[in-house]
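Step one of this worksheet: look at the structure below.
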Protein chains: 2
Amino acid sequence: MPTTTTIWLMLASALCWAQPPGDSHPAVSNVWGSQYPRIHSDLRVSFRIQAPQAQKVQVRLGGTHDMTRAEDGTWSVTIPPQIPGFHYYSLVVDGVAVNDPGSETYFGSSRQSSGIEIPEKGVDYYEVKNVPHGEVRQFRYFSQVTGAWRRAFVYTPPDYDTNLKARYPVLLLQHGGGEDERGWVVQGRTDIILDNLIAEKQAVPMIVVIDNSYALKPGESPAAMRPPSGPPGSFRIVISPTFGEVVVKDLLPALDKRYRTRAGREHRAIAGLSMGAAFAMQIGLGNLDRFSHFGSFSGTVMRDLDVKTSYGGVLNDGAAFNKKCRLLFIAAGTAEQSRLDAARHARAELDKVGVKHVAFDSPGTDHEWLTWRRSLREFAVRLFRNQQ
Amino acid sequence: MPTTTTIWLMLASALCWAQPPGDSHPAVSNVWGSQYPRIHSDLRVSFRIQAPQAQKVQVRLGGTHDMTRAEDGTWSVTIPPQIPGFHYYSLVVDGVAVNDPGSETYFGSSRQSSGIEIPEKGVDYYEVKNVPHGEVRQFRYFSQVTGAWRRAFVYTPPDYDTNLKARYPVLLLQHGGGEDERGWVVQGRTDIILDNLIAEKQAVPMIVVIDNSYALKPGESPAAMRPPSGPPGSFRIVISPTFGEVVVKDLLPALDKRYRTRAGREHRAIAGLSMGAAFAMQIGLGNLDRFSHFGSFSGTVMRDLDVKTSYGGVLNDGAAFNKKCRLLFIAAGTAEQSRLDAARHARAELDKVGVKHVAFDSPGTDHEWLTWRRSLREFAVRLFRNQQ
């Protein structure tokens, strides 16, 4: 039976839930029913956690912010306005970065991390709208290259199960370092973006395939993909050729067998973000007989582009390459200076030999998912145009 | 440039990765490449985390276990042999329950929690095997009842996209309290279990629909589904009628429109675990014109079953009910005494009036996912038999 004190605390707590501070609302990235974190109309964010025995609690989001302890052991802080879009973040309890129980987790930096969605005023292309919806399907296929079953996600457009004679072009989308095949589905909202673009006839109906770039052959050491001395949470960018082999030998044939794809290079695109941009360029430009549309979103790899030598020299004869390339798209956020510099370097290199390309600079965004949602939209609307 | 000390630490750390203790191996529930937690051949489990500034670190799995700090700030512990199957667990850093960065997270207890898969010797019905695989599809549908778009997961059997004239019976599977529609997909491994059963012709090809029982009408308070005074991480079992309305008015029509279902009560089943068992019985037995197969897995609700009054008295005339019921299946784990008692009470009640039912007691398992994987298997092999 509750004591008087307990009842008082319950009442206080209930009032606290009932009257959250000011004009704020729970983030959409919260777990069901969680009142914190809360986002204010000016995009400040309030965090709260129960940690009566902790010595120090912080929030790590756009810097590290000390939280303040109340007498009941609740720690809280309101941090300055955040940039719209999706951000990974952590709570730090006595020096250990942990997830916030109030938020969903998202796979990034090789761990399940808390994430928060900061609303972007007047923008709804990545919101679920009242339009026909496609599906995201979990697709298991066996890889002869790795000797194991793999899982990819496949977006099928809204009319896939009704327009049974239609065949569709295929876009492969690669995640970043320390992420996996869940990234473009959950953080990227690929299906929602495509549903909306297709409904507005801004993009043609297409199949989108989201696989995991981390792949090992039997006996191949995981050290090929992560530093042997690294603790959990570390990762490194290693563009192993194994995944490219998986794509060519296993994934594309399995897709063409299972789904109503349009076969042939004109109907295939590949793009990726950050580390995924390096995979996309390596696999795409290394297999011009299989791909004709290429996208680099925030690719550090662009820094080293040399039209004479990169990718077996396929870029060196601009006119010949232009005949084979339907789209070469190079994007970066204006707030991620090193990737923006890399993109600008690559564009200048391509201009030297007359390789046509499309540039997209995402205004005000950093090395983050909003840059990549925007890049996907700008890329997708240019894909598979003027095809029979 | 690394100092000598740094290099020494890197080497020590590399050796540590290269030579993990004894006969242990990383859990399959670890994030990619993570070496901890590790499982020993006798099912002891070793945990490790870096927390140099923490005062006390524990593991909460089958009890609470203190971890020991090494000089470098690494905490570790090996805990006694664990029961096979999937378990949620936490690390506790200075009193705060957090996730283990080495493990995947799973939505349970209304939060993203670490989880660990303890291997079950000689058992492979929930492992990915070399058989034809179905798909799990993310299905968005609009609910008139809640006034919002909802997401469900739909398992389609392996031949769904090749056997285009076939129609399939439908099983609805409900999650437990504090879980959601991801539970039966990720923790439950529904698609793998069904793929294997269908390949062995132990189950008929069927569509499985996994939705979220938490549903609110516009203006309905979330307090209907969770305690207003509860902190994040708390939940309560409230069998709101809203989800039942969603099923009847929105979900079933949307499914019959989108997928090649067999319509009609003979071809529909509903089951759930724990809180989901209560939803399954309420919705199933409350809509005998729509369902004919019913499953309660670890349902506390069985404790209160009264054949005279429960579910509008539909059980009271045993002979009449038996004509309408193709399967009434009541399961519990032998290590979850209160639910086992509840199941036994319900079976005795049903016997009073001659209602036919099937009992399944999962040997040695508690209120956990292994009980429910087994229950699903035992339920699925009995579904939709002797149908045209």
Got a number for residues in region B:332-352 being surrounded by fewer than 16 Cβ atoms within 10 Å (Cβ to Cβ) and hydrophobic (A, V, I, L, M, F, W, C)?
1
Please go through (1) within 20 Å of A:His293 (Cα to Cα); (2) modelled with pLDDT of 95 or more; (3) among the polar types (S, T, N, Q) for A:Ser213 and return the number of the only condition it doesn't satisfy.
(2)
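Listed here are the residues, each with its yes/no results for (1) touching a His at 6+ places or on another chain (Cβ under 6 Å); (2) in contact (Cβ under 8 Å) with a residue 24 or more places away in the chain; (3) closer than 15 Å to A:Gly115 by Cα; (4) not assigned by TED's automatic domain parsing to the domain that holds A:Asn99.
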position: A:Val28; (1), (2), (3), (4): no, yes, yes, no
position: A:Val45; (1), (2), (3), (4): no, yes, yes, no
position: A:Val57; (1), (2), (3), (4): no, yes, no, no
position: A:Ala70; (1), (2), (3), (4): no, no, no, no
Heads up, the strands (runs of 3 or more DSSP E) in region A:31-79 (entirely inside) with at least 3 residues that are more than 8 Å from chain B (Cβ to nearest Cβ) and of a type outside the set (Asp, Glu) are A:45-50, A:57-60, A:74-79
Members of region B:192-223 that are small (Gly, Ala, Ser), over 21 Å from B:Gln138 (Cα atoms) and in contact (Cβ under 8 Å) with a residue 60 or more places away in the chain:
B:Ala199, B:Ala203
Restricting the search to region B:278-319, which residues are open to solvent by 50 Å² or more (accessible area, probe 1.4 Å) and of a type outside the set (D, E, K, R)?
B:Gln282, B:Gly286, B:Thr309, B:Tyr311, B:Gly312, B:Asn316, B:Ala319
Subset of region A:353-371 [open to solvent by less than 10 Å² (accessible area, probe 1.4 Å) and of a type outside the set (Gly, Ala, Ser)]
A:Val355, A:Thr365, A:Trp369, A:Leu370, A:Thr371
Determine whether A:Val123 is open to solvent by less than 30 Å² (accessible area, probe 1.4 Å), more than 10 Å from every other protein chain (Cβ to nearest Cβ) and part of a loop (DSSP other than H, G, I, E, B).
no
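Filter region A:143-159 down to the residues that are closer than 23 Å to A:Gly188 by Cβ and in a loop (DSSP other than H, G, I, E, B) and list them by number.
A:Pro157, A:Pro158, A:Asp159
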Of the residues in region B:160-209, how many are of a type outside the set (Ser, Thr, Tyr), open to solvent by less than 10 Å² (accessible area, probe 1.4 Å) and outside any loop (DSSP other than H, G, I, E, B)?
16
Out of curiosity, is B:Ser296 more than 14 Å from chain A (Cβ to nearest Cβ), in contact with a helix residue (DSSP H, G or I) (Cβ under 8 Å, 6 or more places away or on another chain) and farther than 21 Å from B:Ala215 by Cα?
no
Taking the stated definitions as given, is B:Asp100 among the acidic types (Asp, Glu), part of a loop (DSSP other than H, G, I, E, B) and either out of contact with any strand residue (DSSP E or B) (no Cβ under 7 Å at 6 or more places or on another chain) or open to solvent by 20 Å² or more (accessible area, probe 1.4 Å) (or both)?
no
Counting only residues that are within 18 Å of the chain's Cα centre (by Cα), open to solvent by 50 Å² or more (accessible area, probe 1.4 Å) and at the interface with another protein chain (Cβ under 8 Å from one of its Cβ atoms), region A:126-159 contains a total of 1
Over region A:266-293, the set of residues part of a strand (DSSP E or B) and not aliphatic (A, V, I, L, M) is A:Arg268, A:Gly272, A:His293
B:Ser113 vs (1) in contact with a Phe, Trp or Tyr (Cβ under 7 Å, 6 or more places away or on another chain); (2) more than 13 Å from every other protein chain (Cβ to nearest Cβ): all pass except (2)
Subset of region A:160-187, residues more than 9 Å from chain B (Cβ to nearest Cβ), closer than 30 Å to A:Leu370 by Cβ and of a type in the set (A, V, I, L, M), comes to A:Val170, A:Leu171, A:Leu172, A:Leu173, A:Val186
In this structure, does A:Arg373 turn out to be under 18 Å from A:Gly177 (Cα atoms) and either assigned by TED's automatic domain parsing to the domain that holds A:Val186 or not in a helix (DSSP H, G or I) (or both)?
yes
Residue under question is A:Gly295, and the condition is that it be on the phi > 0 side of the Ramachandran plot, at pLDDT 95 or above, assigned by TED's automatic domain parsing to the domain that holds A:Tyr160 and not aliphatic (A, V, I, L, M); does it hold?
no
Could you look through region B:80-97, keep only residues that are in a loop (DSSP other than H, G, I, E, B) and open to solvent by 20 Å² or more (accessible area, probe 1.4 Å), and pick out the one that is nearest to the other protein chains (Cβ to nearest Cβ)?
B:Gly95
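The values are calculated or read from the model by the stated rules, or taken from the named source; none is laboratory data. The structure presented is a predicted model; accordingly, all values stated were derived computationally and were not measured. So basically every Cβ, Gly included, is an ideal-geometry build from the backbone, and we count neighbours across all protein chains shown. The area values use the complete protein model at the heavy-atom level, side chains included, leaving out ligands, DNA and RNA. Shrake-Rupley method; radii C 1.70, N 1.55, O 1.52, S 1.80 Å.
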